[in-house]
Amino acid sequence: MYVGEFLLWFGSAIKAETRKKLKMGYTSGDMTLKEVQKNYTQESVSNNPRPIGPYYAYNDRYLEIRGGMFENFRGILTWISLLIFTIPGIAGYFAFKIAFKIHNNQWDETKIGSGIFAMIFFSIICLIATYLFIRYFRYIYRFELFTIRHIRVRFNRITKQVYIQRPKYCGGTVVFKWEHIMPANFGETGSDMGGTNVVNLFTFHPYKTGFPVAQSVGIGKNTYNPQDYKDEWEFIRRYMEHGPENLPKPRLSTHLPMPFHGFEGHIKPMIHALKNAPTAWVYLLLIPVFLILLPFYTVGYFISECLCWQPRWSKVIRQAGQMGKPTPKETTLADYPPKVQQALLDSRLQWCVRDEKTGKLVDYGNS
C-alpha cells in the first residue's frame, strides 16, 4: 500500500491552485543546522548489525531491500477495489447473458422488447461504471493494484549512491548520494520510536541534496522494537562503508507473488496485542481475527501482488559500479515536468534550516 509515499509526494508536488482549492496550507519541516550538517554514515549506532529485511539482492556491489511504509496494511484496498469492480462485472454479465439468449432464440418472443431494454440498461450501467472506475477510482486502487509490486531501495557501495524505485505518482525513481542519507527514527533527526510498528525511515534533506524538498523512504519490516531500526541501519552502514566482510549474509526473498508474504506483517500486531494485554477478553476478541481477518488480509495481499508487476531498474542503474560503466546521474529538479517543478519550488520553504545558536534561519539556497 503506497498511501504513505503518495501523501509525502503529494504534499510537496501539489499545484498551488489545487492546494488552494483543498484549503491546504504549508507545513513546517524546520531542522537545526547541526542535524542537517552531520554525516550520519560515519557514526556507529549499534554493536549488533542485523539484516532484518526482506532483501532482494546482496553482493559485493550492491544490496537491495524492500521499501514501503504501510506494507502491513496491504490487502485491504484490494478487497474494497475488487468488491467495487463487481458492479460493472455483474452488469456486463447480465447484458451478455440476455444478448446470448436473444441471439439463440432462447428468450420468450412475447417479452423480446423487455429483454432488449434490459440488455441495453445493463450495458449502459457496465459502461458508465467502468468509465467512472477507470477515470476516478484509479487514484485509489493504484495504491495496491496495477502498479509496481514492491518499492525497492538499492544501496550501491561502489558508486556510493542510493536508488529508490517508486511509482511515478509517488515521485518516481530517484538517485541520491549515500553520504546525504539521514536516519529519521533515531539519532539527531528523530527519537527512539518504540512501540510504533513502523518501518525504518530515511530522509534526504534539501540542505544536502540541493533538491527543493526533502524526499523520504521507509525500508524493511515494521517493528515494535526501537533497537531493530539501529541494528538494520548499522548493517547497511557497515556494508556501504566497509563492504560485506564480517557481516551476516541476509536471506534473500523473491519479487514473485507468494501466498505467505503478507502473513507476517498482519500477524505481528496481533501477537504484540496479546503480549501487552494478556487478558481473557483480548484472547476472545482475537479468535475471530485469527480465523477470519488474518486469512482475509493475507489473501488480499497475495491478490495484490499477482495484479502488480515488478519493473526492471534502468540500464544505467543495473550496470552502476561495473568497470567502465557510467555512474547514474543524481536526481535534480529538471528531471520533472515544468508544472511539477513549479509545485516543488512553491513547497521548498517548508524545509527551512535554523541555526540553533542564533535562532535564525540559514540561507542555503532554498528560499
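The values are calculated or read from the model by the stated rules, or taken from the named source; none is laboratory data. Keep in mind it's a predicted model, so treat the numbers as computed, not measured. Cβ sites come from the backbone with ideal geometry, for glycine too, and all protein chains shown count toward neighbours. The accessibility values were calculated without ligands, DNA or RNA, using every heavy atom of the protein model including side chains. Shrake-Rupley method; radii C 1.70, N 1.55, O 1.52, S 1.80 Å.
In region 98-149, what percent of the accessible surface is made up of carbon and sulfur (1.4 Å probe, ligands and nucleic acids excluded)?
70 percent
Given Cα positions, please report Rg to Rh for the chain, the hydrodynamic radius being the Kirkwood one.
With Rg and the Kirkwood Rh in hand, the quotient comes to 1.06.
Rounded to a whole number, what % of the accessible area of region 213-367 do carbon and sulfur atoms account for, probe 1.4 Å?
Looking at region 213-367 in its full context, I get 63 percent from C and S.
Which residue, Pro250, Pro326, Pro183, tops the fluctuation ranking in a GNM of the chain built on C-alpha contacts under 10 Å?
Fluctuation is largest for Pro326.
Please work out the average accessible area per residue across region 254-319, using the 1.4 Å probe convention, and give it in Å².
61 Å²
Would you work out which of Gln310, Gly11, Pro288 lies farthest towards the positive end of the dipole of the chain, given +1 charges on the beta-carbon of Lys and Arg and -1 on that of Asp and Glu, about the Cα centre?
Gln310
What is the distance in Å between the Cα centres of region 72-130 and region 234-270?
Between the Cα centres of region 72-130 and region 234-270 lies a distance of 45 Å.
Heavy-atom accessible area of Asp60 with all protein chains present, probe 1.4 Å, nearest 10 Å²?
My reading of the accessible area for Asp60 is about 110 Å².
With N set to the residue count of region 77-188, report its C-alpha Rg divided by 2.2 N^0.38 Å to two decimal places.
With N residues counted in region 77-188, Rg over 2.2 N^0.38 Å equals 1.87.
Give the angle, between 0 and 90 degrees and rounded to the nearest 10, that separates the Cα long axis of helix 3-13 from the longest principal axis of the Cα atoms of the chain.
70 degrees
Once both axes come from the Cα atoms, what is the angle between helix 112-132 and the longest principal axis of the chain, in degrees from 0 to 90, rounded to 10?
Taking the Cα atoms of the chain, the angle to 112-132 is about 10 degrees.
Could you order Arg149, Arg251, Arg348 by accessible surface area, starting with the largest, using a probe radius of 1.4 Å?
Greatest to least solvent exposure: Arg251, Arg348, Arg149.
For region 27-177, what does the accessible surface come to per residue with a 1.4 Å probe? Please give it in Å².
Result: 51 Å² of accessible area for each residue.
Using a cut-off of 23 Å between alpha-carbon atoms, which lysines can reach Lys38, once sequence neighbours fewer than 8 places away in the same chain are excluded?
Cross-link targets: Lys160, Lys177, Lys208, Lys230, Lys357, Lys360.
If one puts a single equal scatterer on every Cα of region 219-332 and applies the Debye formula without solvent, what log₁₀ I(q)/I(0) results at q = 0.13, 0.22 Å⁻¹?
These q points yield log10 I(q)/I(0) values of -0.82, -1.25.
Throw me the Rg/Rh for region 279-345, computed over C-alpha atoms with Kirkwood Rh, two decimals.
Reported Rg/Rh (Cα atoms, Kirkwood Rh): 1.34.
Expressed as an acute angle from 0 to 90° and rounded to the nearest 10, what is the orientation of the C-alpha long axis of helix 294-306 relative to the principal long axis of the chain?
90 degrees
Once you treat every alpha carbon in region 12-110 as an equal point and sum by Debye, what is log10 I(q)/I(0) at q = 0.14 Å⁻¹?
For region 12-110, the Cα-only Debye profile gives -1.02.
Take the alpha carbon gyration tensor of region 1-69, find the square roots of its eigenvalues, order them as a ≥ b ≥ c, and report rounded if a/c is under 1.5; if not, report prolate when a/b exceeds b/c, else oblate.
Verdict is oblate for region 1-69.
Please give every one of the lysines within straight-line cross-link reach of Lys15, meaning a C-alpha to C-alpha distance under 20 Å, and leave out same-chain neighbours fewer than 8 residues apart.
Lys23, Lys168, Lys339
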